Structure formats: structure tokens, C-alpha cells
Amino acid sequence: MLIILGGLPGTGKTTLSKALARRLDAFHLRIDTIEQAIRNSSMAPASMDESGYLVAYAVAEDNLRLGKKVIADSVNPIAITREAWLKVAQRAAVAALEVEVICTDKNEHRRRVETRVSDIPGLRPPSWQDVLAREYIPWVSANVVADTALETIEQAATRISSLLNSD
């Protein structure tokens, strides 16, 4: 199974992804980690554009074909990235679950963004202005919406895990 998480920075998607990966014994695939590794390489492109996503799609597909559960952790800001993840699941002949992670409490969301410390060496977290300026189209196809202003990460992980176990 491919679990596709998306949402703006600071909504809690990486924290939720990690919680789900532990619960489901799944492979956690994080775009931020991939993109920072590319930036750190001697072959780093001037612009990241789609590089991190293309690498992630390939690594996800390899692991899905091995029978692993994969959790894709990325902003997924527009339909084209969401559709590309669904195509990965389709090519690997596995089910996909789309999860949009949001934080409806704007003050809490801002606090998280402004106090966040990166756990990836060299990665500079976005500012609140960066988050506000980012192109992001809310999902219409998400199977699950996790609002981290209304439920804890553990509650969301339990709810999503329960959905997967009931199928």
C-alpha cells in the first residue's frame, strides 16, 4: 500500500508520517530529506523543481514492488504531484490512500512554523511568509483529512491505522 500524505509545512505531516511508519512498519519516504541530499551533492541543480519528487516516485515504486508499505511525505501542493503518486501505486499494483494534513488554527500553525527546528542538517525550514506565499491547492481527492488543530498526531495515526485495518 502507498499512503500519500500532503499539506503545507508546519501542519504536522512529517510527525504523522513517522507515527504511521512506526505503527505500520512502513517505509517513510520524505521529500525534504531527498531534496536536501541533492542540494548537498556536487551535482546539485540550480533549482530543485521536480528532482526530489522524481527520485521519491522511483524509490517508492521499488519498495512497493517488494511488498513494502510506503508512506510518501511531501507537500504535494498541486494535482500533478498527487496524480503522479497515484500512478506510482497503479504501476506497482497496490492500493493508495491519500491523506491531507491541515491545521485549521492559523495561530497554532504559525507558531509551529516559526518555532520549528529542522531535523535535517543544512535544511532551512520555511518562514511563515514562505508558507503563506506557497502555491497550494486544497485536495478534492483526499480519502482522509487530518486536522492537527482538532486531533493529536496519535489520534490521527490511530484513526488512519484503523481505516487501513478495516479494509
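The values are calculated or read from the model by the stated rules, or taken from the named source; none is laboratory data. Please read these numbers as outputs of a predicted model, since none were measured by experiment. For neighbour counting, all protein chains shown are included, and Cβ atoms are generated from backbone atoms with ideal geometry for every residue, glycine included.
General remarks:
Okay, residues lined up against (1) over 23 Å from S51 (Cβ atoms); (2) at pLDDT below 95; (3) touching a strand residue (DSSP E or B) at 6+ places or on another chain (Cβ under 8 Å); (4) not small (G, A, S):
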residue: K87; (1), (2), (3), (4): no, no, no, yes
residue: A92; (1), (2), (3), (4): no, no, yes, no
residue: N107; (1), (2), (3), (4): yes, no, no, yes
residue: V113; (1), (2), (3), (4): yes, no, no, yes
residue: A146; (1), (2), (3), (4): yes, no, yes, no
residue: L150; (1), (2), (3), (4): yes, no, no, yes
residue: N165; (1), (2), (3), (4): yes, yes, no, yes
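- Of all residues in segment 31-81, those satisfying the criterion of being among the charged types (D, E, K, R) and either more than 16 Å from the chain's Cα centre (by Cα) or modelled with pLDDT of 95 or more (or both) are R39, D49, E61, D62, R65, K68, K69, D73.
- Only one entry of V101, V140 meets the criterion of being more than 19 Å from S51 (Cα to Cα), among the aliphatic types (A, V, I, L, M) and touching a strand residue (DSSP E or B) at 6+ places or on another chain (Cβ under 7 Å), and that entry is V101.
- In segment 103-113 there is at least one residue that is free of Cβ contacts under 8 Å to residues at least 12 places away in the same chain and either surrounded by fewer than 12 Cβ atoms within 10 Å (Cβ to Cβ) or aliphatic (A, V, I, L, M) (or both).
- 3 or more residues under 24 Å from I34 (Cα atoms): qualifying strands (runs of 3 or more DSSP E) within segment 53-167: 70-73, 96-102
- Residue match in segment 141-148 (condition: farther than 15 Å from I4 by Cβ and either surrounded by 12 or more Cβ atoms within 10 Å (Cβ to Cβ) or touching a helix residue (DSSP H, G or I) at 6+ places or on another chain (Cβ under 9 Å) (or both)): yes
- In this entry, I160 passes the filter for residues that are surrounded by 15 or more Cβ atoms within 10 Å (Cβ to Cβ) and either within 18 Å of the chain's Cα centre (by Cα) or touching a residue at least 60 places away in the same chain (Cβ under 8 Å) (or both).
- Candidate set from segment 88-102 (those that are among the β-branched types (V, I, T) and closer than 21 Å to V59 by Cα); member that is surrounded by the fewest Cβ atoms within 10 Å (Cβ to Cβ): V94
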